[in-house]
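Have a look at the structure below before the remarks.
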Amino acid sequence: MTILAREQRHSITVKVNGLRYTGMATPRTLLADFLRHELGFKGVHVGCEHAVCGACTILLDGLLARACAIYAVQADDTSVETVEGLGKPEALAPLQAAFQEHHALQCGFCTPGILMSAKAFLDDVATVGVAPTEQQVREMLSGHLCRCTGYDGIVKAILACAEQAIGKSRHESG
Amino acid sequence: MTEPVFSWIGKALPRKEDPALLTGQARFIDDLEPVAGLRHVAIVRSPHAHGRIRSIDVDSALAMHGVDAVVTGSDIAAILKPIPSVVRTPIRYMPVGVDKVRFAGEPVAVVVASDRYLAEDAAEQVSVEIDPLDPVVGPVAAMCDTAPLLHEDADSNCVSFRTFRYGDPDTAFARAARTVSLDYTFHRYASTPIETYGVIAHAEKAPDRYTVWSNFQGPFVLHPLMAGALGVAGNRLRLITAPASGGSFGIKQAIFGYILLLSAVSRLTGHPVKWVEDRLEHLTASSAAAERVGRIDGAFDENGTLTGLRFDNIANMGAYLRPPEPASVYRMHAASNGCYRVPHIAVENRLVVTNTLPVGLNRGYGGPQFFFALERLIDCAARKLGFDPVELRRQNFLRKEAFPYTTPGGATFDSSDYDKAMDMLLAAADYKGLKERRADVRRAGNYFGIGFACGIEPSGSNMAYVSLAQTPEERAKAGPKSGGNASATIEMDPSGSVTVQLCSTPNGQGHATVAAQIVAQALAINPADIDVVTDIDTRNDAWSISSGNYSNRFAAAVTGAIVTCADRVSMRLRKIAAELFECAVDDVELADGKVRIKGIPNRALPVKRVAAAAHWHPDGLPDGLDAGLTETAIIHSETLTAPDDHDRVSSAVTYGIVFDLAAVSIAPDTGKMTVEKYVSVHDVGNQLNPLVVEGQILGGFAHGVGGAMYEELSYDTDGNPLNGTFADYRCPTAMEVPPVTVRHLTTPSEKSLLGSKGLGDGSSMTTPAALANAVADALGREDITLPLTPPTLWRMIHEDIA
Amino acid sequence: MKPVPFDYARPETLEEALALMANYGDDAAPLAGGLSLGPMLNLRLARPAVVVDLGRLALHEIDSLSPDRPVETGALVRQAFLQQRLKADLIMPLVGEALDCIGHYQTRARGTVGGSVAHADPAAELPLCLVTMDGSVWLQSTAGRRNVPATAFFEAALTTARHPDELVAGLEWPDAGEPGTAFAEFALRHGDFAIVAAAAIVRRNDDGRVSGIRLGLGGVEDAPRVFVGSDDAVNNFKDFVEQSMAVLRPTDDPVCDAPYRLALARKLGLAVIVRALERAGLHP
Ligand code: FES
Ligand code: FES
């Protein structure tokens, strides 16, 4: 059993986007703060710290998680994916490129979290092999707040990627 | 024959900003650590809405591990002066309560610690003794003689009262065939950007200067006010904005109070300090749009011609008049006629302070409240006078030939065609079909309504309009003010690469992309090769009091500075080349990254050769040309003159339009309203980048829907805020924002260099009125209050149930 | 918005976890998906001495998918996982329908069934289903296991029959008389806690005849409540709903007043019963 005392800083090892990082955290350090300020993953954004806005959404051991509602100590020995792992500015991943094409972001503050949700969602889509309806995309997005876009461009970008994901999974299985 | 010029302006170019934002590389305020030794701040806030501070005991907090200092309001008052407002009533706005607290959430002390966690622990240990006073929350109650007085130096909570008359409204009303009146209230809500406020303040010792990083958005008219409050010369306050800002919609204007607070704390403690607002702080203590209580009267002749308007506005300003307030009450003032020809207008404005958070810039700034009054009145009058709301509007619209049109209040409307816009609106909405559907639904005993709101979109503000809160005599004493200048700097370095510096502090509106398009076109290069810097450093960059991002000023005003500046650089390049080619400047053109002689394609030099000449060989430059290739243009629109003695003011540069139609149904058993159709027609003049235009319009609509149907910052009768989290402040999600059909009417503006009009507020101003009108139509009643939530609508349908 | 300091314990086994609970009692906050506790910690509404992370306990099983025994779900079964399993296995359609309404895609990914039940929000979907299905909560302490009927478990808003030294270890979902079930809710926004949620089960005897009806209502009062009716109630279900309404004492708050809650309860109650009857092949 692991027991960590409140006042002390403990060494936490996390794999982020495939690379191993070690940093220090007290038990109450939010995973979002740890990723941002201890490890430097500033693409993890914080908009509410109470698990509603979705800006801090990441993948933790493959599952979507609000990094503001998880403590760094919980993430010891896990693997995390953040927006920094998706694509590079000069070589955007298709999902990111679709966001640019469909003007799915304005200030971009909500965007990293939405991209991570969209990634998980599109992985599901590829597994199931059925294109989502606009309504299903909107339902998925309802776990995020964006104050700039009115969501329209985001919905379009994800629908466009879903088509591709289906096409690809058909191709692979065929 | 001139060769076709490939045009960047007007293209739906994907944004330059996006790659950094999409990969987590954009840097926001909380991402910055610009100085070593940063300490973190937590703010101790008043739990009471109103009270007198008896004592603050900081000892146990100071004894805690990791705590460096605790600073109280009275410590801060020793080095910070209150910030004045144009309203001369003695209200002392300080960003911290000193003797009194006047709203729940008002700062009373600041804890400085080695991290935010420890700072919050210590903040809990600061014991603040407050003798509670009776609070007053509503503006009407606050005006009662018996109401508790917020500011003892002022003799009333009504801190400003002004009346305005344009034409002869009394006669218009006396002679009217019919008058129609509407009493209304307009609730309080806020645009709540997903990124909150953030400030890093460093009181440097040598040079003796405050350097502050923040996601402040301007207006930089607040800079001289801040320097004044800190008691330093302007060049001793260096403001730097973060490279990226996570939305604002106006609300990040009010950061300036925290810039002052943190600056004072840094000076007093000797530490550079950082504070990032949390969501609870944002929702309870940052800023919001003003609550209004009002009455509007319209005078009509027998044909339905509007002959007079009378506005009676009571605005709840919150606990203080925080600059640039009361601008929200005066922004629409000169355009009080809306889209209509109405010669006689009377306005009475009462500004009231209450024990609630101070108001400030918020998307639509004054527009939602104004159009809620005017456009609800028109729909209401149509019902009362027996007109179709479309016909009543057409009867009174300004005609196309009337532009440019000077309003009774002194605004100059640049261009548009309201009748045509209405045609487009009705066609896109299938108005006839909607009316048939309404009849069918009603026959079946259900609720269906259609509502309109026709708005104009003032853009590029005259910094002087807020001085309408002063009497002409007070204005004369203060000295004339006018204008709203804009600046841009373009630098072509010795390698020929281009950097553009803007003064527009965007928070997501794509200014960098549009600026690159404009400069690319002028210099015949690719926008991708242009760097656009949108963060401001007041020490290094061209700025002025009107710099910042507000009032849709980019397309209306800032683009003019970019164009002017780019043309100057282009002219310099052509002059240098003309010297090299030994030909006339007029014969030189820029094309394809080259400077060449028109008609002789092989007489061409790469732009970078010419640029290099400007830097490396100043001696060889034509007479009169400076070395280097840096140009700064500061332009100001001649339209924006000082208010006159009759309180007329030309308050903005361009006036686009937003004409909305909403059709809604309401489920009687749940009160749930469904937006069955929403159409919005805009005239933004020439579109500089249709992608960005579309984004602004859809975003403005979503804010309008939020304000109309979901969002409210409410208080209980003791002045406790009731919406401190995103769980109970209900912003619409992707499931709530209904589809909207957008149509464009394009009448280029004569007032801006590219024919563009400002946009951004958009339907955030008109959607509340359009949806309320649709609900009024559906329910057959006029007492509509927002937000139109299911419980509210259900209650209206089932008034009989106890 | 940062939590107060707390110690962190991550037991590897249920025994270790129970020992901690025995030791700390009310000072311990069990942490599962974290979607309820995390915000409460950050807002400093919860101030435990120790947070007990249940994440590594072996309580992730969905047991006994045979028709004659109750389905048992470990407390740590994630909502999204259960959602997928129920759809794939075509069982417990009531819970499946309810899961679609819980929070969001993102929160269901981590949110656990035990966490939702232990948190006991009055409008939460899973507590309502458990009460309506007459399920029970498996509580475990160092003293052993006890099963508390859901109807007794939810006492008030955020208050349950769990003793301070106990953990919610699992849930038991008895046969719900499928396919005659239906779930519906009304919320101000998609994914919000409902203002009112309703669940209905129409039960039949072995011979196929209707034997009774269960109507569950959440969000109306400070805990979910179930109304049980006989075959007679099925025939006169409108009366049954009215009688149920007469007993309710709806919550009154600044967002929704009591008459509105009651009106929604009536509407949704009728709607789920009609739908459950239809699904049971009975035409109301
Ligand atoms: S910051 Fe985590 S959900 Fe808002
Ligand atoms: S793009 Fe600004 S919040 Fe979504």
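The alpha-carbon of A:Lys168 sits under 26 angstrom from the alpha-carbons of these lysines, leaving out residues fewer than 8 places away in its chain: A:Lys88, A:Lys119, A:Lys156, C:Lys87. Taking label points 7 Å from Cα along the Cα-to-Cβ direction, B:Ala20 and B:Ser7 give a separation of 3.0 nm. So, in nm, how far is label C:His60 from label A:Thr2 when the simple model puts each one 7 Å beyond its Cα toward the Cβ? Each label point is offset 7 Å from its Cα along the Cβ direction, giving 1.5 nm.
Remark on chain B: hydrodynamic radius 27.7 angstrom, per the Kirkwood mean of 1/r across alpha carbon pairs.
Computed about the Cα centre, the dipole magnitude for chain B is approximately 1100 debye when only Lys and Arg (+1) and Asp and Glu (-1) carry charge, each at its Cβ. Mind listing, in residue-number order, the residues in the range B:275-323 that have at least 30 Å² less accessible area with every protein chain present than in their own chain alone (1.4 Å probe)? Flagged in the range B:275-323: B:Asp278, B:Arg279. Averaged over the residues of peptide A:93-102, the number of Cβ atoms from other protein chains lying within 10 Å of each residue's Cβ is 3. Surface burial for C against A, with a 1.4 Å probe and both sides summed, reaches about 3200 Å² of accessible area.
When the trypsin sites (Lys or Arg not before Pro) in the range B:594-626 are filtered for DSSP coil states and for at most 15 other beta-carbon atoms within 10 Å of their beta-carbon, the remaining sites are B:Lys598.
The distance separating the Cα centre of the range B:462-537 from that of the range B:767-802 comes to 43 Å.
Just subtract the alpha-carbon distance of B:Phe161 and B:Asp728 from 0.36 nm times their residue separation and send over the number in nm, one decimal.
On the way: separation 567, 0.36 × 567 = 204.12 nm, distance 3.51 nm.
Length gained between B:Phe161 and B:Asp728: 200.6 nm.
Need one value for B:730-743: mean number of C-beta atoms belonging to other chains within 10 Å of its residues' C-beta atoms. Show your work: numbers first, answer last.
Working: counts 5, 6, 8, 15, 21, 11, 6, 7, 1, 2, 2, 0, 0, 0.
The per-residue average across the peptide is 6.
Within 10 Å of the Cβ of each residue in B:191-202, the mean number of Cβ atoms contributed by other protein chains is 4. Between chain B and chain A, roughly 4000 Å² of accessible surface gets buried, counting both sides and using a 1.4 Å probe.
Which peptide among C:196-207, B:674-685, B:472-483, B:168-179 comes first, and what is the full order, when sorted by highest mean count of other Cβ atoms within 10 Å?
Values: C:196-207: 22.4, B:674-685: 24.4, B:472-483: 13.7, B:168-179: 16.2.
By packing density, highest mean first, the sequence is B:674-685, C:196-207, B:168-179, B:472-483.
For the range B:649-696, accessible area lost to neighbouring protein chains reaches 30 Å² or more, against the chain alone with a 1.4 Å probe, at B:Asp669, B:Thr670, B:Leu691, B:Gly695. Tell me whether the range B:75-143 comes out rounded, prolate or oblate; compute the Cα gyration tensor, take square roots of the eigenvalues as a ≥ b ≥ c, and use a/c under 1.5 as the rounded threshold. It is oblate, given that a/c is not under 1.5 and a/b is not larger than b/c.
Carbon and sulfur together cover what percent of the accessible area of the protein assembly as shown at a 1.4 Å probe radius?
On the way: 21670 of 43290 Å².
Its accessible area is 50 percent carbon and sulfur atoms.
The calculated FRET efficiency for the pair B:Asp168 and B:Ala427, based on their C-beta separation and a Förster distance of 41 Å, comes to about 0.60.
So if I place +1 on the C-beta of Lys and Arg and -1 on the C-beta of Asp and Glu, and nothing else carries charge, what would the dipole magnitude of the range A:10-85 be about its Cα centre? I want it in debye, nearest 20.
Numbers: 6 positive and 8 negative charges, 19 e Å.
Result for the range A:10-85 is approximately 100 debye, rounded to the nearest 20.
Of the whole protein surface, B:Asp669 contributes about 60 Å² of accessible area at a 1.4 Å probe radius. FRET efficiency for the B:Ser127 to B:Leu779 pair, using the beta carbon distance and R₀ = 51 Å, is estimated at 0.50. Pairs exceeding a 32 Å alpha-carbon distance, out of B:Lys16/C:Lys2; B:Lys11/B:Lys400; B:Lys81/B:Lys274: B:Lys16/C:Lys2. The longest stretch of chain C left intact once loop-based GluC sites (Glu not before Pro) with at most 15 other Cβ atoms within 10 Å are removed from consideration, loops following DSSP, is C:62-284.
Taken per residue, the accessible surface of the protein assembly as shown reaches 34 Å², heavy atoms only and a 1.4 Å probe. Taking a straight Cα-Cα cut-off under 20 Å and skipping sequence neighbours fewer than 8 places away in the same chain, the lysines within cross-link reach of B:Lys598 are B:Lys575, B:Lys608.
Viscosity 1.002 mPa s, temperature 20 °C: give me the Stokes-Einstein translational D for the range C:181-279 in µm²/s, with Rh taken as the Kirkwood radius over C-alpha pairs.
Numbers: Rh = 13.6 Å.
Reported coefficient: 158 µm²/s.
The values are calculated or read from the model by the stated rules, or taken from the named source; none is laboratory data. These numbers come from a predicted model, not from an experiment. Cβ sites come from the backbone with ideal geometry, for glycine too, and all protein chains shown count toward neighbours. Heads up: the accessible areas ignore ligands, DNA and RNA and are worked out on the full protein's heavy atoms, side chains in. Shrake-Rupley method; radii C 1.70, N 1.55, O 1.52, S 1.80 Å.
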